[in-house]
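J.: The structure is given below, and queries will be raised subsequently.
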Amino acid sequence: MRKVTLITQAVVLAPVLAWGLGCNKASQDSSPVIANVGGQKITQKEFEDTIRSVVTDAAKAEQVLHADGMRDQRNGFLGNLAQQKAVMELARMEGLDRDAKVRLAADEAVAQVYLKAILDKRAGSATPTDADLKKLYDEVVAKQKASGNPQPAPPFEMVKSQLAQMWQQKQEQQNQARMQDELAKELKVSVPITYAEDYQPKQMAPN
């Protein structure tokens, strides 16, 4: 199931995020403990909150959490989460959380995750209108004809879902450069960076 696959992929990022933010604090809720990872407890509430944070559609989240048919996927997700926490704990026991090279790699990964989340949040979830899709359809048909392709184009209604995906991808590509430029300007104002003398990066040096 696609949604469960997305959940599993999100869990893969959990150790990097947690490493960058620090070790998770013990849960203060009183819900049942559903897993214990080397003394670190995962409660039912924590687990359910994690699912709901990943599956943003409330109805689908409840289905993942409570539907009998989703038991194997649900338990598999918990197993992945526990395994990730176990790996983090073993790394901590071996002192890797104090290894400069490892921490640098973890910080870089965390920064990339946050950057994507910021850009996704600001990009929003624009939905194309039928007029948008029809315009894109006409453009695709025109390009097909210009290339000398003799195959007739499928009816507009038949390919609307594919056109919607194409439209969103096109919008993302057009907005990416603009949003990154806007974000860079905002960072200079909201999170100013200063360097000690002789340490300023060349690309940051004033013209």
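The values are calculated or read from the model by the stated rules, or taken from the named source; none is laboratory data. Remember, predicted model here, so these are calculated numbers, not experimental data. No Cβ is skipped: glycine too gets one built from the backbone with ideal geometry, and neighbour counts run over all protein chains shown.
J.: Check residue 199 against each of (1) more than 26 Å from the chain's Cα centre (by Cα); (2) touching a residue at least 12 places away in the same chain (Cβ under 8 Å); (3) assigned to a loop (DSSP other than H, G, I, E, B) and name the one condition it does not meet.
T.: Just one mismatch for residue 199, condition (2).
J.: If you check residue 188 against the conditions, is it of a type in the set (D, E, K, R) and closer than 25 Å to residue 140 by Cα?
T.: no
J.: Could you say which residue among 117, 111, 26, 59 is of a type outside the set (D, E, K, R), touching a helix residue (DSSP H, G or I) at 6+ places or on another chain (Cβ under 9 Å) and modelled with pLDDT under 95?
T.: Every option except 111 fails the conditions.
J.: Being part of a helix (DSSP H, G or I) and modelled with pLDDT under 85, is that true of even one residue in segment 123-142?
T.: yes
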